[in-house]
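Engineer: Next up is a structure, given as structure tokens.
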Amino acid sequence: MVAMTSYRADQVGEQVREEIMSIIRRDLKDPRIGFVSITAVRMSPDLRQARVRVSVLGKPDEQKASIRGLVSAKGLIRHELGRRLQNLKFSPDLRFELDPSIEYAVHISELLKEVLPPSPEEPQ
């Protein structure tokens, strides 16, 4: 089943993504949160819930620790979102989930380098 999203939900999701990245960079001091990148935010149709897809560079235990750090900081992030996003009646409930797509793309790239012959203009 393909989920249909509205234009408003997409716009608010993008705005929420930018604000969460700003909050993580400036306001969070949790040492568990490593190098994280918010890849996508999916808003529910009523804009009360947000699924936040997070890509984390590092080993699997570092990734899990970063997600735990984000979950423990959920209250602070939600409070800051409510303060910063004046166009929303409610601050969305956040659900963080690991997004392995970037790590998967790097893995596929490495596999292709092993299988494909080097191009003539590429130094070895």
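Engineer: When you scan the stretch 98-124, how many residues do you find that are surrounded by 13 or more Cβ atoms within 10 Å (Cβ to Cβ) and either modelled with pLDDT of 85 or more or over 30 Å from Gln11 (Cβ atoms) (or both)?
Structural biologist: Counting residues in the stretch 98-124 that are surrounded by 13 or more Cβ atoms within 10 Å (Cβ to Cβ) and either modelled with pLDDT of 85 or more or over 30 Å from Gln11 (Cβ atoms) (or both) gives 2.
Engineer: Please pick out the residue among Arg48, Arg83, Arg42 that is over 16 Å from the mean Cα position of the chain (by Cα), modelled with pLDDT of 90 or more and under 22 Å from Ser6 (Cβ atoms).
Structural biologist: None of the other options fit; the residue is Arg48.
Engineer: Name the residues in the stretch 63-92 that are under 15 Å from Gln49 (Cβ atoms) and small (Gly, Ala, Ser), would you?
Structural biologist: Gly82, Ser91 - these are the residues of the stretch 63-92 that are under 15 Å from Gln49 (Cβ atoms) and small (Gly, Ala, Ser).
The values are calculated or read from the model by the stated rules, or taken from the named source; none is laboratory data. Everything numeric here is computed off the predicted structure, so don't read it as measured data. Heads up, the Cβs are rebuilt from the backbone with ideal geometry, glycines too, and the neighbour counts pull from every protein chain shown.
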